[in-house]
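A quick write-up on the structure given underneath.
Nothing in this text is a laboratory measurement; each read-out follows from the coordinates by a stated rule. Not measured: the values here are computed from a predicted model. Don't worry about glycine lacking a Cβ; one is built from the backbone with ideal geometry, like all the others, and counts go over all protein chains shown.
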Amino acid sequence: MQVQTVPTRPIEGQLPGTSGLRKKVAVFQRPGYLENFVQSVFDAVPGLAGHTLVLGGDGRFHNDRAIQTILRMAAANGVARVVVGRGGLLSTPAASELIRSRGAHGGLILSASHNPGGPDGDFGIKYNISNGGPAPEKVTEAIHQRTLAIHRYLTIEAADIDLQRTGQTMLGAMRIEVVDPVASYATLMQQLFDFGRIRTLLTRGDFRLCFDAMHAITGPYAHAILEGQLGAPAGSVINGTPLPDFGGGHPDPNPTYAEELIGRMFGADAPDFGAASDGDGDRNMIVGRNFIVTPSDSLAVLAANATSVPGYAAGLKGVARSMPTSAAVDRVAQALGVPCYETPTGWKFFGNLLDAGMATLCGEESAGTGSDHVREKDGLWAVLFWLNILAVRGGSVEQIVREHWQRYGRNVYSRHDYEGVDSAVATQIVADLRDALPSLPGRVVGGLSVSRADDFAYTDPVDASVSRAQGLRVFFQDGSRIVLRLSGTGTEGATLRLYLERYEPDAARHGIDAQAALQPLIDAAEALTGLKARSGRDRPTVIT
Ligand code: VG1
Ligand code: CO
């Protein structure tokens with residue numbers, strides 16, 4: 001094996017965002033673009049040489065080419081063994097599971113997650129560390145610094161590896177192990193959940209489920225686990241074949257983009273339970289018949305019912321949620337007498353809490369829920385959790401949520417996304433509100449009186465690292481709040497996210513439409529930011 005040293009030059013902008021480096025496919029196809037980033041990982045992360053690396057992606061356009069490039073570079077950089085999913089496929093949670101169960105030093109996950117794919121869509125790459133979780137900021141920063149100084153990358157000349165069959169092959173001195181992408185993950189799910197009871201629920205004939213894989217990575221997982229192992233009738237999984245362009249869709253499981261599922265769940269003869277997952281399989285949307293569960297409520301329901309699931313029967317050590325996620329889970333934690341941590345947006349901030357045994361369940365308002373079983377959010381896991389609860393408790397999805405509200409009160413919640421806003425305008429909107437923060441307390445906007453306003457900063461309780469500027473928060477005297485932040489996952493223009501939350505203790509008002517209940521906050525946000533006027537939008541692109 002002859003290692004080739006290829007000269008290269010630094011490329012601007014290879015800065016990982018909320019979750020990895022995401023760019024248009026055409027950018028990743030430029031000569032040296034992927035190579036520079038991958039070499040920077042090998043250069044910045046000590047110890048990959050001589051160790052095991054997990055490799056796989058969500059099957060989007062360019063996945064197949066990128067995998068071959070990375071395999072050659074891994075061999076040239078002295079990696080001892082690469083564990084790769086058959087066909088180059090691995091969901092993000094399954095990659096996390098493999099890193100852990102194989103004792104790998106880390107993993108490279110190829111995905112732009114919920115962003116659209118195809119030749120004109122997005123591609124992405126993310127490095128995960130040995131705990132199976134996304135690299136923390138100090139690692140992504142080291143990788144970024146390296147991309148600014150890189151002058152060569154290493155590769156070898158070799159033919160493409162056949163990844164369609166499981167088994168082992170050598171590439172130079174490096175062993176490549178092609179594994180079934182589902183098997184190890186499915187074994188873990190069997191250990192956590194009561195497959196017997198879920199199977200009974202799904203096969204007794206009076207409970208129907210629809211899982212929309214959105215032509216993304218969870219198709220094979222859902223086919224194998226829901227239909228294969230748990231006996232859901234064939235056809236329960238829809239859009240279950242991963243396609244390089246996700247069938248032209250936007251693989252983001254929200255009521256706007258998962259329109260086929262929503263149509264079924266709100267149509268005549270709707271199934272009892274609906275769910276969808278995103279491009280790389282780490283998100284989940286839970287839908288009952290004529291009833292959408294907000295991700296924040298879903299996290300709270302899972303926490304409140306955790307002991308009815310075998311894997312969590314011993315109780316929760318603590319819970320954690322990202323800052324913009326509603327405080328519904330805080331109320332459950334308080335009732336359980338366990339701590340609740342509030343972290344910045346992005347799963348990488350949960351890793352330390354999970355490793356330290358301080359939290360068992362984590363979640364984000366963006367449809368991400370997970371636990372200490374891996375170090376990523378996990379879409380299918382959340383679906384199995386819900387099915388396990390339904391199998392034990394009986395009743396409908398809507399009943400479970402309404403009973404939850406009755407006991408804990410309802411955190412009425414919504415997120416308004418303004419996508420594709422001019423970057424300069426979006427940055428200025430955020431900057432202006434940031435400047436105004438100190439003057440806000442005491443002011444009355446849209447009839448609401450501001451009690452407190454800040455730019456969220458987080459001190460990690462485990463390693464004391466500090467992350468600043470994680471979202472602007474404005475709290476009002478009645479306990480409600482708005483949050484404004486810029487997305488860190490987009491590739492075109494800017495996406496502004498406005499998060500709205502108001503607590504409603506009165507059960508008589510729990511049925512109210514969330515947008516109506518939040519209207520005073522929506523008005524206050526506009527008064528404070530001029531967001532709609534300045535971005536030239538009359539409404540959000542997506543409301544969740
Ligand atoms: C979004 C979500 C965030 C999530 C991230 C990655 O980030 O808001 O909660 O962790 O996507 O999810 P941002 O910066 O665009 O708000 V995934 O499923 O795209 O890896
Ligand atoms: Co994702």
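Stokes-Einstein, applied to the Kirkwood radius of the range 76-234 over Cα pairs at a viscosity of 1.567 mPa s and 4 °C, places its translational diffusion at 71 µm² s⁻¹.
Sort out the exposed loop GluC sites (Glu not before Pro) in the chain (DSSP loop, at most 16 other Cβ within 10 Å) and tell me the longest stretch that has none.
In short, 158-491.
Summarising the strand pairing of the range 15-111, around 15 percent of its internal DSSP beta bridges are antiparallel. Quick check: the distance between the Cα centres of the range 520-544 and the range 295-318, to the nearest angstrom? Centre-to-centre (Cα) distance: 35 Å.
Qualifying trypsin sites (Lys or Arg not before Pro) in the range 476-544, where qualification requires a DSSP coil assignment and no more than 11 other C-beta atoms within 10 Å, are lacking entirely.
The HN-Hα couplings worked out from phi for the range 94-110 by the Karplus form 6.51 cos²θ - 1.76 cosθ + 1.60 (θ = phi - 60°) are 5, 5, 4, 4, 5, 4, 6, 6, 8, x, 6, 6, x, x, 10, 10, 9 Hz, whole numbers, x standing for Gly and Pro. Stretched out straight at 0.36 nm per residue, the stretch from residue 65 to residue 256 would grow longer than its current Cα-Cα span by 65.6 nm. Net length available on complete extension from residue 166 to residue 393 is 77.7 nm, with 0.36 nm assigned per residue and the Cα-Cα distance removed.
If the segment from residue 203 to residue 49 were pulled out straight at 0.36 nm per residue, it would be longer than the present Cα-Cα gap by 50.6 nm. Sorted on the mean count of surrounding Cβ atoms within 10 Å across their residues, most packed first, peptides 379-392, 428-441 read 379-392, 428-441. Here the Kirkwood formula, the inverse mean of 1/r across different C-alpha pairs, assigns the range 173-237 a hydrodynamic radius of 13.0 Å. Evaluated at q = 0.10, 0.12, 0.16 Å⁻¹, the base-10 log of the normalised Debye intensity for the range 21-109, with identical point scatterers placed on the Cα atoms, takes the values -0.23, -0.33, -0.60. Each of residue 465 and residue 1 was given a label point 7 Å from its Cα along the Cα-to-Cβ line. The distance between the two points is 3.0 nm. Converting phi to 3J(HN,Hα) with the Karplus coefficients 6.51, -1.76 and 1.60 and the offset θ = phi - 60°, the range 494-499 yields 10, 10, 9, 10, 10, 10 Hz in sequence order, with x at every glycine or proline.
Applying both filters, DSSP loop and at most 10 other Cβ atoms within 10 Å, to the trypsin sites (Lys or Arg not before Pro) of the range 148-239 gives 165, 204.
With a cut-off of 16 Å on the backbone N, the residues of the range 69-92 near the modelled label site 7 Å out from residue 187 along Cα-Cβ are 83-86. Largest first, the extents of the alpha carbon coordinates of the range 397-474 on the three principal axes equal 45, 41, 33 Å. Think of the range 473-521 as a dipole: +1 on every Lys or Arg Cβ, -1 on every Asp or Glu Cβ, centred on the Cα centre; then among 515, 496, 479, 496 lies furthest on the positive end. The Rg/Rh ratio of the chain, with Rg taken over Cα atoms and Rh as the Kirkwood radius over Cα pairs, comes to 0.96. Rounded to the nearest 20 debye, the dipole size of the chain about its Cα centre is 600 debye, using +1 on the Cβ of Lys and Arg and -1 on the Cβ of Asp and Glu. Under 14 Å from a point placed 7 Å out from the Cα of residue 451 along the Cα-to-Cβ direction: which residues of the range 509-529 have their backbone N that close? Of the residues in the range 509-529, none has backbone N under 14 Å from the label point off residue 451.
Here the range 492-516 is scanned for amide nitrogen atoms under 15 Å from the site 7 Å beyond the Cα of residue 539 along Cα-to-Cβ, giving 514-516. Using the Karplus relation 6.51 cos²θ - 1.76 cosθ + 1.60 with θ = phi - 60°, the per-residue 3J(HN,Hα) values for the range 331-345 come to 5, 5, 4, 4, 5, 7, x, 10, x, 10, 9, 10, 10, x, 4 Hz, with x marking Gly and Pro. Computed on the Cα trace of the range 241-290, the radius of gyration divided by the Kirkwood hydrodynamic radius gives Rg/Rh = 0.98.
Using the beta-carbon distance between residue 527 and residue 149 and R0 = 41 Å, what value does 1/(1 + (r/R0)^6) give for FRET efficiency, to the nearest 0.05?
So, using R0 = 41 Å, E works out to roughly 0.30.
DSSP beta bridges fully contained in the range 286-404 are about 50 percent antiparallel.
Relative to the 2.2 N^0.38 Å rule of thumb, the range 459-544 has a C-alpha radius of gyration ratio of 1.31.
Please compare each pair in 24/348; 23/138; 126/532; 23/377; 23/317 to a cut-off of 26 Å on the Cα-Cα distance and tell me which ones are over it. In this structure, 126/532; 23/317 exceed 26 Å between Cα atoms. The order of the peptides 267-279, 292-304, 39-51 by mean Cβ neighbours within 10 Å, most packed first, is 292-304, 267-279, 39-51.
Cα convex hull, the range 128-204: 186 Å³ per residue, rounded to a whole number. When only alpha carbons are used to place a centre, the range 466-508 and the range 394-448 end up 4 Å from one another. Taking every alpha-carbon pair under 8 Å whose residues sit at least 6 apart, the range 384-507 reaches a relative contact order of 31 percent.
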